[in-house]
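Undergrad: This is the structure, below, for whatever I ask next.
The values are calculated or read from the model by the stated rules, or taken from the named source; none is laboratory data. Being a predicted model, the structure only gives us computed values, none of them experimental. Every residue, glycine among them, receives a Cβ derived from its backbone with ideal geometry; neighbour counts consider all protein chains shown. Quick note on the areas: whole protein, heavy atoms, side chains included, nothing else; ligands and nucleic acids left out. Shrake-Rupley method; radii C 1.70, N 1.55, O 1.52, S 1.80 Å.
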Amino acid sequence: MITYVHPKSSMDQLSQIETEFLQKTAGGELSELLRKCCLAVLNSGNITDSPEQLLNSSKDFAVDIIQKERGIKLKLYNPPETAFVNGNLIKGIEEHLFSVIRDIIYIKSQAKYFEDMDLSNPSTITNWIFFILRNAKLFLSGQEPNIVVCWGGHSINEEEFNYTKDVGQALGLCKLDVCTGCGPGAMEGPMSGAAVGHIMQRYDKGRFIGITEPSIISAEPPNPLVTQLIIMPDIEKRLEAFARIGHAFVIFPGGPGTVEELMFILGIKMNSLNSDQPMPVVLTGPKSCQKYFETLDRFIRKSLGESVARQYDIVINDPERVADICISEIQEVTQRRIALGDSFNFNWKLQIDSILQKHFYATHENMSALNLTKDQPLNLLIANLRNVFSGIVSGNVKPEYIKLIQQKGPYELHGDPELISTIDQLLKDFINQGRMKLGSAKYVPCYKIVN
């Protein structure tokens, strides 16, 4: 089966030079990455956390970029049948395919300018993130702050999923937009609920923003509600994008990826240069999740201290309260941005420690070398804890690291007995609660604690 797809939005008018570059790049080192990401988009709504399963189900799938007079079109070979209705490709999937081209290949053509400025420089990294988001047409002129970033696990039960929808509806009734990691579970639920809230308010400008990165998207295909898909180059730039465009942050129950996100935002909030930045962080779930949040709160208090635990609110089984906190704090965000002349769309004033921007490669050597002791500055301890959970996410779902673990065995984590013990207990709770893996298959840890 062969299908041709014509471009939408920012990709519908390209110069011949740009088109030639796209064809050249798509046929080179990025060809397999392009194929994987397009396949993930075509599987939008299909729930999986196994990249291998996704790829093996469509071994004969391929994609070519075809040049035409005003730009490009895509030629798809044997795309999944679930991406079609009555023989026609679903419109949302069609748009997201060109988001893949825009963010993976077209952005590569624009990267030279930033590489010349040194992409290890914190300011350059932030400007690069801004460029990617602007190129995706994320920024709306005159739009006042209203984006709530929702984080949480892809592996949650039905009660938790329904609660994320209830919170989403409460946010939607306040005409707030939702931004998530674009996958299933706690990333889909708030969008689903907010869509209902928007309809109830007859609000037709609502946005559902999904921000992912190449090694995550194949494990977590976009959910069907995403209206704007953005693929950042790596996890750290993804996290910074969330932090700079979000006006409030809601965190549902999740696994190591959710804790990684929480560590990132706590690292920003604990930076003294951000002390006057209103950045509401609300941890919330149904009554049945009270123990989960008590465990997470205890982990933070034991490992990082009371001052860090004061940076968030825990709200149990009260969606309206969550929305009230977001609305109240977003009003403060708006007033502060006006007073400082800062952008509503992108928080330029936010200070992010360079160690949080630095990409962490989850090799066995790097995981073993993490400094998991309390005898270090707080910002470094938060960053090292973020890297622990980032590494475990990599070992769970990212193909290149799964292969490393198959070859070398699980990662080893070393450190202070007390700190290591708190990490171990939190991860054991995640395993017991089924937050490490979708489905009924028994989870095999990609790590081991070394006392």
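Undergrad: Give me the extension gain from Val85 to Lys291: residue separation times 0.36 nm, minus the current Cα-Cα distance, reported in nm with one decimal.
TA: 69.8 nm
Undergrad: About the Cα centre of segment 319-397, how large is the charge dipole given +1 on each Lys and Arg Cβ and -1 on each Asp and Glu Cβ? Please answer in debye to the nearest 20.
TA: 140 debye
Undergrad: Tell me, what ³J(HN,Hα) does each residue in segment 237-251 have, in order and in whole Hz, if you take phi through Karplus 6.51 cos²θ - 1.76 cosθ + 1.60 with θ = phi - 60° and put x for Gly and Pro?
TA: Computed from phi, the couplings for segment 237-251 are 5, 4, 5, 5, 4, 3, 5, 7, 9, x, 10, 7, 10, 10, 10 Hz.
Undergrad: Give me the number: length gained by fully extending Asp313 to Ser58, i.e. 0.36 nm times residue separation minus the C-alpha to C-alpha distance, one decimal in nm.
TA: 87.4 nm
Undergrad: Hey, what number do you get for the chain at 222 nm if only DSSP H runs of n ≥ 4 count, each worth -39500 (n - 2.57), divided across all residues, to the nearest 500?
TA: -14500 deg cm²/dmol
Undergrad: Now for a separate question. So how do 405-412, 233-240, 76-83 stack up, highest first, on mean other-Cβ count within 10 Å?
TA: 233-240, 76-83, 405-412
Undergrad: Can you compute the modelled spin-label distance between Thr363 and Glu32, with each label point 7 Å from Cα toward Cβ, in nm?
TA: A separation of 1.9 nm, rounded to one decimal place.
Undergrad: Rounded, prolate or oblate, given the Cα gyration tensor of segment 303-391, with a/c below 1.5 counting as rounded?
TA: prolate
Undergrad: Residue by residue through segment 380-395, which ³J(HN,Hα) values in whole Hz follow from phi under the Karplus form 6.51 cos²θ - 1.76 cosθ + 1.60 (θ = phi - 60°), with glycine and proline marked x?
TA: Here the 3J(HN,Hα) series is 6, 5, 4, 5, 5, 5, 4, 5, 4, 6, 4, x, 5, 4, 4, x Hz.
Undergrad: Quick one: Karplus J couplings for segment 210-225, per residue in order, coefficients 6.51, -1.76, 1.60, θ = phi - 60°, nearest Hz, x for Gly and Pro?
TA: x, 10, 9, 8, x, 7, 8, 4, 6, 8, 10, x, x, 6, x, 8
Undergrad: Can you list the lysines whose alpha carbon is less than 21 Å from that of Lys403, not counting same-chain residues fewer than 8 positions off?
TA: Correct list for Lys403: Lys36, Lys59, Lys437, Lys442, Lys448.
Undergrad: How high is the relative contact order of segment 144-217, in percent, with contacts defined as C-alpha pairs under 8 Å that are six or more residues apart?
TA: Relative contact order for segment 144-217 comes out at 35 percent.
Undergrad: Carbon and sulfur together cover what percent of the accessible area of the chain at a 1.4 Å probe radius?
TA: Carbon and sulfur: 48 percent of the exposed surface of the chain.
Undergrad: A further question follows. Using a 1.4 angstrom probe on the protein heavy atoms only, could you order Glu329, Glu400, Glu94 from most to least accessible area?
TA: Glu400, Glu329, Glu94
Undergrad: Using a 10 Å cut-off on Cβ atoms, rank the peptides 266-278, 185-197, 331-343 from the highest mean neighbour count down.
TA: The peptides rank, most packed first, as 185-197, 266-278, 331-343.
Undergrad: Next up: Can you tell me, using C-alpha contacts under 8 Å and at least 6 residues apart, the relative contact order of the chain as a whole percent?
TA: Computed value for the chain: 16 percent relative contact order.
Undergrad: Follow-up. How compact is the chain by the rule of thumb for globular proteins, expressed as Cα Rg over 2.2 N^0.38 Å?
TA: After normalising by residue count via 2.2 N^0.38 Å, the value is 0.95.
Undergrad: Given axes a ≥ b ≥ c from the Cα gyration tensor, I'd like to know whether segment 348-425 is rounded (a/c under 1.5), prolate (a/b larger than b/c) or oblate.
TA: Taking the square roots of the gyration eigenvalues as a ≥ b ≥ c, segment 348-425 is oblate.
Undergrad: Let's test the formula: R0 of 41 Å, r as the Cβ-Cβ distance of Leu340 and Met1. What FRET efficiency results, to the nearest 0.05?
TA: Between Leu340 and Met1 the formula returns 0.15.
Undergrad: Once the Cβ-Cβ distance between Leu273 and Glu159 is put in as r, and R0 is 51 Å, what FRET efficiency do you end up with, to the nearest 0.05?
TA: 0.80
Undergrad: So for each of 250-260, 282-292 I average, over its residues, the number of other beta carbons within 10 Å; can you give me the resulting order with the highest mean first?
TA: Averaged packing, sorted descending, gives the order 250-260, 282-292.
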